[in-house]
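Asker: Have a look at this one before I ask anything.
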Amino acid sequence: MISTLSVANRIQDFVRDGNINDARQLLDQNHKSCDTVAWNSMITGYITHNQMQCAHKLFDQMPVRDVVSWNTMMSGFNKTKDPHKLYQLFLQMNRAGETPNQFTFSTAISGFLNAFDVLVPQLHGLILRLGLHSNVFVGSALMRGYTHLADRESLQRVFDDVVVKDVSTWNALLVGYMELGLTDEAETIFDNMPEVNIISSTTLVNGYIINSKIDQARSIFDDMLQKNVVTWTAMIKGYTQYDNCIEAIQVFILMLKSGVCPNHFTLSTVLDACARCSTFHLGNQLHSCILKKGLHCEVVLLTALIDMYTKCGDIEAGFCVFESMEKKNTVSWNSVIGGCARHGLAKRALCEFEKMIESGFKPDHVTYINLLSACVHGGLVKEGERHFNSMGERYGIKPEMKHYSCMVDLYGKSGELEKAEKLVKEMPFEPDVGVWGALLSACGLHSCYEPANALENLAHDHPTIYSMLVKLHSEKGEWSRAIEMRKKMIEIGARQQKAGSRLDLV
DNA sequence: CTAGGGTTAG
């Protein structure tokens with residue numbers, strides 16, 4: 001006869017060794033005599049091996065649930081990023097009369113972020129009542145919550161309430177201040193921390209980046225004695241984000257020289273840099289790197305790869321990567337449809353869209369921007385119109401400014417200027433540069449000046465609009481007005497956008 | 001047996 005304690009222990013041993021089936025068999029054999037710890041261990045086993053359904057089923061079947069059972073299940077839904085299921089479980093737990101503990105709150109709060117941010121103050125109230133506010137885990141979860149809510153005072157108060165702070169508590173405060181845009185305060189906090197680690201410094205670097213202070217980020221970055229893959233990736237991303245892709249790639253090369261190995265986060269970022277400055281050579285080499293490292297299952301990474309290929313001119317390679325993907329998501333589909341649009345393959349874009357729907361993916365607003373811009377390139381007015389009109393009722397996607405400017409462009413390029421103008425008048429927002437630009441370029445294309453005249457006083461601060469007006473006036477032979485426009489452009493320091501083509505960097 | 005910081009794509 002085996003004691004129940006040893007059943008729990010043996011289940012844990014099996015789980016540690018990855019023998020999940022043996023663990024289950026043991027549980028089933030001792031079904032009647034098992035204690036809750038054994039059941040909980042089995043649930044933990046399923047969760048660590050990414051078998052959430054099995055875990056849930058077992059949770060429903062177990063005879064007695066304790067607070068650990070609930071917490072474990074909640075941590076599973078946290079791991080699978082399922083805030084709604086997590087919330088339901090939290091409610092169920094309370095209904096079942098189980099009192100939440102510090103584990104419950106730290107898991108629940110972090111799982112609720114982005115979905116139920118508004119619950120944070122209420123949970124905080126509950127935490128105070130249960131006297132759990134001095135726990136470090138609960139504290140950092142709450143701090144992240146208040147950061148999301150942009151509530152600086154509560155952030156600080158929660159921090160103060162954590163009596164015995166550790167480095168993570170301080171780091172959470174750093175993140176908070178940085179995300180609230182308080183870079184000076186964050187720097188002061190950093191300087192006064194009793195202990196810092198690589199995460200603290202990386203938080204500082206990233207904080208300066210998200211606050212558009214790239215040079216300060218670089219200065220901290222350069223002073224760091226130890227940098228890991230996260231630090232390097234943050235810096236590369238910073239340069240990429242502000243369109244200094246050459247520097248981004250150079251930092252990447254420094255990273256390789258320093259001996260730190262890039263991961264899928266790094267590679268996605270560098271591919272984005274390659275895409276933005278058409279650095280095909282490096283992008284292509286990174287593809288080999290991905291295959292060698294066995295990263296071909298990373299959806300985000302492969303999507304970045306598709307985007308790089310299509311933006312560097314190799315649409316076929318883009319298709320090839322896309323077809324090879326075992327798992328896809330909406331973004332992957334969008335990027336292939338966008339690739340078709342850029343390459344003028346309008347029919348193919350429509351076709352990929354149909355396939356996307358057939359495969360059960362839900363389009364979003366980007367899908368429609370890409371689809372409509374494909375229609376613009378292919379002059380497919382009817383199809384564009386059809387999709388523009390149906391996106392709301394079929395998928396609940398409200399047309400945004402970008403969709404309107406695509407439609408204006410579509411009508412404009414195919415000579416239907418009245419329809420274009422009508423749409424501009426009817427649209428539910430104040431038209432932006434994109435929309436006016438599309439209309440003006442249509443005027444230029446079809447030598448139609450009527451709508452253009454009305455746009456003259458809207459040209460302020462928009463170099464594109466100025467240059468288009470100059471072009472239109474010149475075409476019409478109205479030289480004095482063209483010159484006047486040029487003068488204005490010089491006055492406000494507007495320059496024509498520089499065109500660029502491929503750059504070979506490495 | 002259960003919990004927390006910094007990095008990725010359209």
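The values are calculated or read from the model by the stated rules, or taken from the named source; none is laboratory data. Note that the coordinates shown come from a computational prediction; the quantities given were computed from them, not determined experimentally. In this analysis, Cβ positions are derived from the backbone assuming ideal geometry, glycine residues included, and neighbour counts consider all displayed protein chains.
Asker: So is residue A:176 away from DNA strand B (no atom under 15 Å from the Cβ) and either part of a helix (DSSP H, G or I) or without any contact (Cβ under 8 Å) to a residue 24 or more places away in the chain (or both) or not?
Answerer: In short, no.
Asker: Is at least one residue of the stretch A:355-370 in contact with an Asp or Glu (Cβ under 9 Å, 6 or more places away or on another chain), farther than 19 Å from residue A:427 by Cβ and either free of Cβ contacts under 8 Å to residues at least 60 places away in the same chain or not hydrophobic (A, V, I, L, M, F, W, C) (or both)?
Answerer: Within the stretch A:355-370, none of the residues are in contact with an Asp or Glu (Cβ under 9 Å, 6 or more places away or on another chain), farther than 19 Å from residue A:427 by Cβ and either free of Cβ contacts under 8 Å to residues at least 60 places away in the same chain or not hydrophobic (A, V, I, L, M, F, W, C) (or both).
Asker: Taking the options A:345, A:417, name whichever one is more than 13 Å from DNA strand B (Cβ to nearest atom), at pLDDT below 95 and buried (at least 19 other Cβ atoms within 10 Å of the Cβ).
Answerer: Being more than 13 Å from DNA strand B (Cβ to nearest atom), at pLDDT below 95 and buried (at least 19 other Cβ atoms within 10 Å of the Cβ) holds for just one of A:345, A:417, which is A:417.
Asker: Report the residue count in the stretch A:157-167 for those that are surrounded by 16 or more Cβ atoms within 10 Å (Cβ to Cβ), part of a helix (DSSP H, G or I) and of a type outside the set (A, V, I, L, M, F, W, C). Walk me through it before giving the result.
Answerer: Within the stretch A:157-167, the subset surrounded by 16 or more Cβ atoms within 10 Å (Cβ to Cβ) is A:158-159, A:161-162, A:165.
Filter once more, so that each one left must be part of a helix (DSSP H, G or I): A:158-159, A:161.
When the remaining residues are screened for being of a type outside the set (A, V, I, L, M, F, W, C), the result is A:161.
Total satisfying the criteria: 1.
Asker: Before we move on, is residue A:67 within 14 Å of DNA strand B (Cβ to nearest atom), at pLDDT 95 or above and surrounded by fewer than 18 Cβ atoms within 10 Å (Cβ to Cβ)? Don't jump to the end; show me each part of the working.
Answerer: Values: within 14 Å of DNA strand B (Cβ to nearest atom): yes; at pLDDT 95 or above: yes; surrounded by fewer than 18 Cβ atoms within 10 Å (Cβ to Cβ): yes.
Yes: the conditions hold for residue A:67.
Asker: So which residues in the stretch A:204-226 are closer than 19 Å to residue A:262 by Cα and near DNA strand B (Cβ under 8 Å from one of its atoms), if there are any at all?
Answerer: Within the stretch A:204-226, just A:206 meets the criteria.
Asker: Moving on. Within the stretch A:348-382, how many residues turn out to be within 14 Å of DNA strand B (Cβ to nearest atom) and of a type in the set (Asp, Glu)?
Answerer: 2
Asker: Please name all residue pairs, on different chains or six or more residues apart, with Cβ atoms under 6 Å, provided the first residue is in the stretch A:100-122 and is over 18 Å from residue A:154 (Cα atoms) and the second residue is of a type in the set (S, T, N, Q) and in a helix (DSSP H, G or I).
Answerer: Short answer, once both residue conditions are applied: A:103/A:71; A:104/A:71; A:107/A:75; A:107/A:78; A:111/A:78.
Asker: All but one of (1) buried (at least 20 other Cβ atoms within 10 Å of the Cβ); (2) touching a Lys or Arg at 6+ places or on another chain (Cβ under 9 Å); (3) within 15 Å of residue A:332 (Cβ to Cβ) hold for residue A:279; state the number of the condition that does not hold.
Answerer: (3)
Asker: Just to be sure I understand, how many residues within the stretch A:181-203 are more than 15 Å from residue A:147 (Cβ to Cβ) and either within 24 Å of the chain's Cα centre (by Cα) or within 8 Å of DNA strand B (Cβ to nearest atom) (or both)?
Answerer: Number satisfying all stated conditions: 6.
Asker: Just for helices (runs of 4 or more DSSP H) wholly inside the stretch A:277-333: which have at least 3 residues that are more than 18 Å from residue A:348 (Cα to Cα) and more than 13 Å from DNA strand B (Cβ to nearest atom)?
Answerer: The qualifying helices (runs of 4 or more DSSP H) are A:280-292.
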